[in-house]
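Quick notes on the structure that follows.
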Amino acid sequence: TDVVSHLHNLLQTKEKELKEREADFDRRVKSFESTHPSIGSDNDVIQLNVGGQTNIAVLRNTLTQFEDSMLAAKFSGRWDDSIEKDRDGNIFVDEDPDNFSLLLKFLRMRMKNNNQGGSVPERHRPKATYEFCSMLEYYNLMQGVYGHTWVGEKDAFTCEEIAYGTVSLCSKTSDDSTPKLTTVVFPHRSTGLKLNEFTVEFEKGATGVVGWVEFVDNGADTATTHINFAKSYPQNGLFLNIAERKAYGPYNNNDVNTILGENLRMNHTEAATKLVCRRVGGTHKTQRKYSIELTDGTKVDTNMIDPQPNRDTRVLPIIAFSGKVTVSDLSYAIDEL
């Protein structure tokens with residue numbers, strides 16, 4: 001009885017402490033909201049002073065289209081009273097006026113096209129330069145402006161954005177209702193942007209191959225037509241076969257792919273398979289290290305040169321999949337622009 005009574009009193013004490021903490025939290029929230037402005041209206045017109053040279057008027061919802069970006073957070077309205085302003089009360093943006101104007105032009109086009117059920121065609125997006133992309137990275141807008149440009153056989157797969165910076169790739173089914181093996185790559189010809197890193201998750205039951213493969217650069221984004229993992233493996237690359245649980249590297253002296261890892265800890269029939277592909281080291285036209293890392297820390301890597309001197313080749317990220325995969329956390333090689 002004493003034990004039960006003690007536990008009852010202890011429970012009452014803990015409940016009282018919890019209620020006091022909740023009340024204190026509510027007071028803090030109300031205090032914060034009273035000292036900070038409420039979130040502004042989407043139709044607010046914001047006056048900007050960009051770089052001390054250009055005055056621009058823009059709708060708030062133009063700047064806040066990408067909700068997970070720093071740009072959206074900055075201009076949400078909550079910080080309007082504390083944000084930096086010039087002597088005329090215009091919000092000061094410490095950016096190059098030309099670069100920021102390019103961003104605004106894109107955001108306005110996207111807003112208009114979205115209202116009409118479309119998006120900004122890739123050829124009409126801003127040219128990728130180091131200065132412009134550095135600004136985009138600061139505002140967490142690289143994936144908003146350039147996004148995922150996975151290409152493959154027409155009408156063989158669907159690509160749907162399921163969250164900011166995350167897309168779902170789904171292969172179409174064949175006549176017997178089984179998923180086809182579909183191959184996609186991330187080209188960089190149109191923008192000049194290469195990937196340094198990307199994360200792929202094969203959902204449970206999905207299978208395929210993922211990694212980095214060298215392609216002949218024929219001036220068009222048709223690289224996937226030259227690769228058929230169902231028949232043979234490419235000579236130069238680093239890739240992981242989900243079903244085989246093996247990682248392969250470039251050809252060895254016997255003209256077969258080097259096995260860099262086998263019996264890897266994964267089972268696509270029982271659980272999803274998640275991994276990170278990375279490309280690091282060196283500067284333009286030098287040797288780089290390519291790697292694939294599983295969530296359990298298992299890692300395989302190899303060195304490749306991209307591009308090869310006097311050879312029209314390039315190393316591209318590749319995903320060959322049957323079923324459904326998600327791709328996220330893209331990191332771009334803006335230092336090579």
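Taking all protein chains in place and a 1.4 Å probe, what share, in percent, of the accessible surface of the chain do carbon and sulfur account for?
The computed percentage sits at 46.
For the pairs 194/246; 105/274; 74/324; 74/299; 85/194, note any where the Cα-Cα span goes beyond 32 Å.
Details: 194/246 26 Å; 105/274 37 Å; 74/324 35 Å; 74/299 38 Å; 85/194 37 Å.
Going by Cα-Cα distance, 105/274; 74/324; 74/299; 85/194 fall outside the 32 Å limit.
Dividing the summed helix terms, -39500 (n - 2.57) for each DSSP H run of n ≥ 4, by the number of residues in the chain produces a 222 nm estimate of -7000 deg cm²/dmol to the nearest 500. Of all the options 184, 151, 256, the one that moves most in a Gaussian network model of the chain with Cα springs shorter than 10 angstrom is 256.
Lys/Arg Cβ at +1, Asp/Glu Cβ at -1, dipole of the chain taken about the Cα centre: which of 243, 193, 142 is farthest positive-ward? Value: 243. Between 250, 187, 121, where does the largest GNM mean-square fluctuation fall for the chain, given springs only between Cα atoms within less than 10 Å? Fluctuation is largest for 121.
Each of 233, 277, 253 was scored by the projection of its Cα onto the charge dipole of the stretch 225-301, and the greatest displacement toward the positive side belongs to 277; charges sit on the C-beta of Lys, Arg, Asp and Glu. Taking all protein chains into account, the per residue accessible area for the chain stands at 56 Å² (1.4 Å probe).
Computed on the chain, with alpha-carbon pairs under 8 angstrom and 6+ residues apart, the relative contact order is 17 percent.
Gyration tensor analysis over the Cα atoms of the chain returns equivalent ellipsoid semi-axes of 42, 33, 19 Å (largest first, whole Å). Considering only 228, 252, 310, the mean-square fluctuation computed in a Gaussian network model of the chain, springs between alpha carbons under 10 angstrom, is largest for 310. Relative contact order of the stretch 70-174: 18 percent, from C-alpha pairs under 8 Å at least 6 residues apart in sequence.
The values are calculated or read from the model by the stated rules, or taken from the named source; none is laboratory data. For clarity, every value in this text was computed on a predicted model and none was experimentally measured. All Cβ positions, even for glycine, are placed from backbone atoms using ideal geometry, and neighbour counts span all protein chains on display. Heads up: the accessible areas ignore ligands, DNA and RNA and are worked out on the full protein's heavy atoms, side chains in. Shrake-Rupley method; radii C 1.70, N 1.55, O 1.52, S 1.80 Å.
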